[in-house]
Amino acid sequence: MEGLGVGRIVHYNPGADQPCHAAIVTKVVRKDEGMVNLTTFYPGGGTRDCHMVFADAGMTSADVGAPETPLVLYTSGTWHWPERE
Ligand SMILES: [Zn+2]
């Protein structure tokens with residue numbers, strides 16, 4: 001995925017109809033598929049480490065099927081580039 005790298009600021013979306021949260025890419029797990037580790041920042045304070053998050057409109061953990069990786073390690077939700085105002 002073009003431009004994806006550690007330190008990029010993205011939006012993390014935990015699920016449908018949920019607001020986006022600011023997040024920083026802490027590791028690019030699979031660049032081609034846009035899978036990353038993120039630290040998400042909540043508006044009221046606090047952070048959450050999200051591991052193996054898929055890009056919005058990208059693949060899902062079900063697509064990968066990755067038998068070598070327990071599905072519990074995937075964080076639900078997706079990330080995307082911040083929308084332009
Ligand atoms: Zn967003």
(message) Looking only at the stretch 1-49, how many residues end up being within 14 Å of the ligand (Cβ to nearest atom) and hydroxyl-bearing (Ser, Thr, Tyr)?
(response) 2
(message) For the stretch 1-49: of the residues being touching a Cys at 6+ places or on another chain (Cβ under 8 Å) and either without any contact (Cβ under 8 Å) to a residue 24 or more places away in the chain or more than 15 Å from residue 78 (Cα to Cα) (or both), which is surrounded by the fewest Cβ atoms within 10 Å (Cβ to Cβ)?
(response) 39
(request) State all residues of the stretch 1-42 that are of a type in the set (A, V, I, L, M) and within 12 Å of residue 81 (Cα to Cα); if no residue qualifies, say none. (result) 1, 4, 9, 10, 22, 23, 24, 25
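So which residues in the stretch 50-61 are among the small types (Gly, Ala, Ser) and either surrounded by 10 or more Cβ atoms within 10 Å (Cβ to Cβ) or at pLDDT 85 or above (or both), if there are any at all?
Taking the stretch 50-61 as the starting set, the residues that turn out to be among the small types (Gly, Ala, Ser) are 55, 57-58, 61.
If the condition is that a residue be among the small types (Gly, Ala, Ser) and either surrounded by 10 or more Cβ atoms within 10 Å (Cβ to Cβ) or at pLDDT 85 or above (or both), then 55, 58, 61 are the ones that fit.
The values are calculated or read from the model by the stated rules, or taken from the named source; none is laboratory data. Source: prediction; values computed, not measured. All Cβ positions, even for glycine, are placed from backbone atoms using ideal geometry, and neighbour counts span all protein chains on display.
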